[in-house]
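Here's the structure, in structure tokens; my notes come after.
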Amino acid sequence: MLSDIAYIGLGSNLGAPVKQLEQALGAIGQHSQMTLVSHSHFYSSLPMGPQDQPDYVNAVCKIKTSMQPQELLATLQIIENQQGRERLGDRWGPRTLDLDILLYNDLVLKTKHLTLPHYGMQEREFVLVPLFELSPDLTMQDGRPLANWVAKCNLEGLYRINPKVSSLTTSASVT
Ligand code: ROI
């Protein structure tokens, strides 16, 4: 049963970022234990961290899944690897594809490899804005509406770059 809901953050700034995100959404949609409920527009964003790297393309998608968080994480890492991700140990460096679990139901979790909700969300406009686009009524773990978090973030350098890709958009995408 695909009864658990998760939000995934997608990011890329190497190797044709828009294609990377489109391909990742395709892989997520085709996986037997996930369905793609909806995805946000794609956004161009200034790099967080070292500035001597290309701008990023970011988006968020909402999925239904039958996988537990650890298994979902491993599956997303397989998709990252299939798309040429090299793990160079540079946490803040450029990347072909990053897939982060942002939220998994209302779960709060802290393990060595996975923190839920995603630890950096509050400071990341490139996560909050596309998430808000998908689910404007979300309440965050501190009890505040997502809208408050969005209102506090710096939107400089963040802009929508394309219309939704219709082939990836499901009937449930207008949420
Ligand atoms: N900066 C932006 N704008 N978007 C990202 O997805 C992103 N991912 C990262 C770091 C290096 C923190 N910077 C980023 O991992």
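Each value in this text was obtained by applying a stated rule to the coordinates, not by laboratory testing. The model shown is predicted, which means the values in this text are computed figures rather than measured ones. All Cβ positions, glycine included, derive from the backbone under ideal geometry; neighbour counts span all protein chains shown.
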Output the qualifying pairs, or none if there are none: Cβ atoms under 7 angstrom, residues six or more apart or on different chains, first residue in segment 91-104 and under 17 Å from L25 (Cβ atoms) and more than 8 Å from the ligand (Cβ to nearest atom), second residue among the hydroxyl-bearing types (S, T, Y) and part of a strand (DSSP E or B).
-> T96/S12; L97/S12; L102/Y7
So how many residues does segment 16-59 have that are over 22 Å from I5 (Cβ atoms), of a type in the set (G, A, S) and not in a loop (DSSP other than H, G, I, E, B)?
-> 2
Over 24 Å from Q70 (Cα atoms), exposed (fewer than 13 other Cβ atoms within 10 Å of the Cβ) and among the charged types (D, E, K, R) - does that describe any residue in segment 95-117?
-> no
Considering every residue within segment 74-83, establish whether at least one is in a strand (DSSP E or B) and crowded, with 17+ Cβ neighbours inside 10 Å.
-> no
When the residues of segment 60-73 are filtered to those that are surrounded by fewer than 18 Cβ atoms within 10 Å (Cβ to Cβ) and not in a strand (DSSP E or B), which remaining residue is farthest from the ligand (Cβ to nearest atom)?
-> S66
Filter segment 118-130 down to residues that are more than 18 Å from Y43 (Cβ to Cβ) and surrounded by 19 or more Cβ atoms within 10 Å (Cβ to Cβ), then give me how many there are.
-> 0
Near pairs, Cβ below 6 angstrom, 6+ apart or cross-chain, from segment 39-54 (within 8 Å of the ligand (Cβ to nearest atom)) to any residue that is hydrophobic (A, V, I, L, M, F, W, C) = S45/F126; S45/L158; G49/W92; P50/W92
